[in-house]
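K.L.:
Please find one structure pasted underneath; my questions will follow.
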Amino acid sequence: GLFRIYPLPEDPRILPPPRQFQELPANVSQDCLVRVYIIRAFNLQPKDVNGLCDPYIKIKLGKERMADREEYIPNTLDPVFGRTYELTCTIPLEKDLKISLFDFDLFSPDDIVGDTTIDLENRLMSHYGANCGLPQTYCVAGPTQWRDQLLPSELLENHIQAKNLPQTEISEDGSKAVFMGRTYLLSDFETKVPSHGFLGPAKERMALHLLRTCGLVSEHIETRTLYDSALPGIDQGKLQMWVDVFPLYLGDPGPPFDITPRKPRKYELRCIIWNTKDVDLEDTNIFGDKMSDIYVKGWLDGQEEDKQRTDVHYRSLAGEGNFNWRFIFTLD
C-alpha cells in the first residue's frame, strides 16, 4: 500500500491535491467463472508396489469439489489428462484453488500424490492481466478462438486508463497505430498472415499486438510443483496446467479450449517386395558356382514380434531375387 499526508490549505475553497492512485479496483466481492485446464503431470512419485501409480484429479474451490476418480489413468508416472473444469466462486471469499492428484486404489484408501494451491484473488487483481493470458493472434473462430470477455481494443483502453497513459491512435483499417510516442505498423507484427481464415478485424489485431508490448501476461502453460504436506519441501512431481478467471459482471467469456488428448487411429501399412539385386552370394552349389537362397524380412520398430518374411528365391546365381510379396502391418 501507500500512505501520503497532505497539509490542509487554509482556504477551504481550494481543492485538495489529486490522489496518487486514480484507478483503484472496486472494494467489493466479485462472482467469477474459473476454468481450469489440466494437461498432464510428469515425474510423479510411485505409490504402488509395481513402482507406478494410478493418478486422478481432485479440485477444491470454496465449497465446490470435483473428483475424477472413475477417470484415473492406470500404471503411469507421466499421465496425460487433457481435462477442463469449470467452477464458480466469489472472490475474495473463495480465492484458494487447490488441485490435488490422488492414487487410485481398489480396496485400500486412495493415497495423495501431491497438490498445489493457486491464489485466484492475486491473479484477478493483478495489473498484468494474469486472469487470462494474451494469445499471439486475435481469431474469431477456430481452435484458437478469442476467449476473453473483452475485445483487445477494450482491454487496451482499460490498460491505458489504469496506467494513466496517453490515448492510442489506431487507423480505421488497423494498419497503423501511434502508442506511447511510437508508430507501429501491423505489417511489423504480422510478417506472414496465416491461411486458415480465422483472423479477426485488423483494428482488433493491432490492439492485441500493442497490448503484448506492455509487459502483460501472455498465454502460456504453467508447470507447477506438487507437494505433500506429510513430506514438506519434497518434490512429488510436476503438473502442467493453466487457469482463466472471468468476472461474471463482464458477460460470458469465449468458448473453452479443447485440450482432449488425440486418440490413436488405426492405420495399415502395405509394403510390396518386387525383386532384389546384387545380393552377396555366400553359398556354393555342387558345381562350384556361387549362389544364394534369397528372402526378405521386415518389421516395424517397436513391433519386432510381428516380423514378416517373403518366400524363398532358391539358388540365385546372379544375386537377383524375384518376388511378388506384400507385407501388411497394422499400427496406431
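All of the numbers you see were taken from the coordinates with simple rules; none came from a lab. Note that the coordinates shown come from a computational prediction; the quantities given were computed from them, not determined experimentally. Every residue, glycine among them, receives a Cβ derived from its backbone with ideal geometry; neighbour counts consider all protein chains shown.
K.L.:
Between T260 and T90, 0.36 nm times their residue separation minus their Cα-Cα distance comes to what?
P.N.:
58.4 nm
K.L.:
Okay, moving on. Where does helix 152-163 land angle-wise versus the long Cα axis of the chain, in degrees 0 to 90, nearest 10?
P.N.:
Helix 152-163 and the main axis of the chain meet at about 50 degrees.
K.L.:
Right, another one. At 37 °C and a viscosity of 0.692 mPa s, what translational diffusion coefficient does Stokes-Einstein give for the chain, taking Rh as the Kirkwood radius over Cα pairs? Give it in µm²/s as a whole number.
P.N.:
For the chosen part, D equals 126 µm²/s.
K.L.:
Rounded to the nearest 10 degrees, what's the angle between the helix 202-211 long axis and the longest principal axis of the chain, both from Cα atoms, 0 to 90?
P.N.:
Helix 202-211 sits roughly 80 degrees off the main axis of the chain.
K.L.:
Compare L106, L165, L185 in a GNM of the chain, Cα atoms joined below 10 Å, and give the one with the largest fluctuation.
P.N.:
Looking only at L106, L165, L185, the largest GNM fluctuation is found for L106.
K.L.:
Go ahead and run the numbers for FRET between D332 and D173, Cβ-Cβ distance against an R0 of 51 Å, rounding to 0.05.
P.N.:
Working: r = 48 Å, r/R0 = 0.95.
The pair D332/D173 has a calculated efficiency of 0.60.
K.L.:
From the backbone phi of region 298-307, what are the Karplus-calculated ³J(HN,Hα) couplings (6.51 cos²θ - 1.76 cosθ + 1.60, θ = phi - 60°) in whole Hz, Gly and Pro given as x?
P.N.:
x, 7, 9, 4, x, 10, 4, 6, 9, 6
K.L.:
Moving on to the next point. Let's test this: bin the Cα-Cα distances of region 180-328 at 10 Å from zero up to the farthest pair and state each bin's percent.
P.N.:
7, 16, 16, 13, 13, 14, 13, 7, 2, 0
K.L.:
Among G142, G215, G319, determine the one that fluctuates most according to a GNM of the chain built with springs between C-alpha atoms less than 10 Å apart.
P.N.:
Answer for the Gaussian network model of the chain: G319.
K.L.:
One quarter of the convex hull surface, Cα atoms only: what value does that give for region 267-331 in nm²?
P.N.:
Numbers: hull surface 19.7 nm².
Average projection, Cα convex hull of region 267-331: 4.9 nm².
K.L.:
Would you mind putting 41-47, 238-244, 158-164 in packing order, based on average other-beta-carbon counts within 10 Å, highest first?
P.N.:
Highest mean packing first, the order is 238-244, 41-47, 158-164.
K.L.:
With only alpha-carbon atoms in the gyration tensor, what are the semi-axes of the equivalent ellipsoid for region 229-291, in Å, largest first? Display every interim value, and only then the final one.
P.N.:
Details: eigenvalues 897, 128, 15 Å².
Rounded to whole Å, the semi-axes are 67, 25, 9.
K.L.:
As a test of understanding, state the convex hull volume per residue of region 152-214 from its alpha carbons, in Å³. Show your work: numbers first, answer last.
P.N.:
On the way: hull volume 5.0 nm³, N = 63.
Residue-normalised Cα hull volume stands at 79 Å³.
K.L.:
Ratio of alpha-carbon Rg to the 2.2 N^0.38 Å globular estimate for region 130-257, to two decimals, please. Can you show the working numbers first?
P.N.:
Values: Rg = 17.8 Å, N = 128, 2.2 N^0.38 = 13.9 Å.
Working it through for region 130-257, the quotient is 1.28.
K.L.:
From the phi angles alone, apply the Karplus equation (6.51, -1.76, 1.60; θ = phi - 60°) to region 6-18 and give each ³J(HN,Hα) in whole Hz, x where the residue is Gly or Pro.
P.N.:
10, x, 6, x, 5, 8, x, 7, 6, 5, x, x, x
K.L.:
So, in nm, how far is label D188 from label L317 when the simple model puts each one 7 Å beyond its Cα toward the Cβ?
P.N.:
My value for the distance between the label points is 8.0 nm.
K.L.:
While we're here: Pull out the extension gain between Q308 and I234, defined as 0.36 nm times the separation in residues minus the alpha carbon to alpha carbon distance; nm, one decimal. Don't skip to the end; give the middle numbers.
P.N.:
Working: separation 74, 0.36 × 74 = 26.64 nm, distance 4.95 nm.
Net length gain for the segment: 21.7 nm.
K.L.:
Can you spot the lysines whose alpha carbon is less than 24 Å from K60's alpha carbon? Ignore those fewer than 8 places along the same chain.
P.N.:
Correct list for K60: K47, K95, K98, K238.
K.L.:
Per residue of region 267-280, in order, report the coupling 6.51 cos²θ - 1.76 cosθ + 1.60 (Karplus, θ = phi - 60°) as ³J(HN,Hα) in whole Hz, putting x for Gly and Pro.
P.N.:
10, 10, 9, 10, 10, 9, 9, 9, 7, 10, 8, 6, 6, 4
K.L.:
Just to confirm my numbers, what's the Cα centroid distance between region 82-130 and region 212-238 in Å?
P.N.:
Value for the Cα centre distance between the two parts: 12 Å.
K.L.:
Follow-up question, since we're still on this one. Between N50 and F287, what is the spin-label point distance in nm, taking each point 7 Å from the Cα along the Cα→C-beta axis?
P.N.:
If labels sit at N50 and F287, their model points lie 6.1 nm apart.
K.L.:
In terms of modelled amide H atoms, which long-range or inter-chain residues lie less than 5 Å from the amide H of K176?
P.N.:
Answer set, sorted by chain and number: S171, L186.
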